[in-house]
Amino acid sequence: MEKWYIGFVTFVALMTLGACGNKEKKASEDKVITVATQLETSAEMVKIASEVAAKDSWEIKNVAVTDNVAYNDMVQNGEADANFAQHKPFMEQYTEEKSADLVAVQLMYDMKIGFYSKDYQIIDAIH
């Protein structure tokens, strides 16, 4: 169920972004969305979304990048239609610093993380 939900949410967001693309593209090109990702987990979600999208004749191509700026550069330069790699404040900082015109289309997921220690039992003990 969780994979289906992640795939569906990703698919909806990517379709929204794809609808905002260049209207001069041929109809066949309108069915292809290129997404830049950095993390393996993001690439996996794009893969799930591509399986869902394929049922409606959409193709989602994933392009893996190796740093935190490349995915924004690719979108800004038209090499990718979207990226799935960052939180909104990072994208806004990039947009301001580079005078770019990127916008957050859809918040995708909330990653749960934790802090673990062998030495501390409570956070107040950390100086």
Can you give the accessible area of residue 66, probe radius 1.4 Å, in Å² rounded to 10? 130 Å²
Global geometry of the stretch 29-119, whether rounded, prolate or oblate, following the gyration tensor of its Cα atoms and the 1.5 cut on a/c: oblate
When all protein chains stay in place, what accessible area (Å², nearest 10, 1.4 Å probe) is found for residue 113? 130 Å²
Using only protein heavy atoms and a 1.4 Å probe, report how much of residue 44 is accessible, in Å² to the nearest 10. 80 Å²
Cα-based shape type of the stretch 73-114, given that a ≥ b ≥ c are square roots of the gyration tensor eigenvalues and the cut on a/c is 1.5: prolate
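The values are calculated or read from the model by the stated rules, or taken from the named source; none is laboratory data. Note that the structure is a prediction, hence the values are computed from the model and not measured. Please note that ligands, DNA and RNA were not included when accessible areas were found on the heavy atoms of the full protein model with its side chains. Shrake-Rupley method; radii C 1.70, N 1.55, O 1.52, S 1.80 Å.
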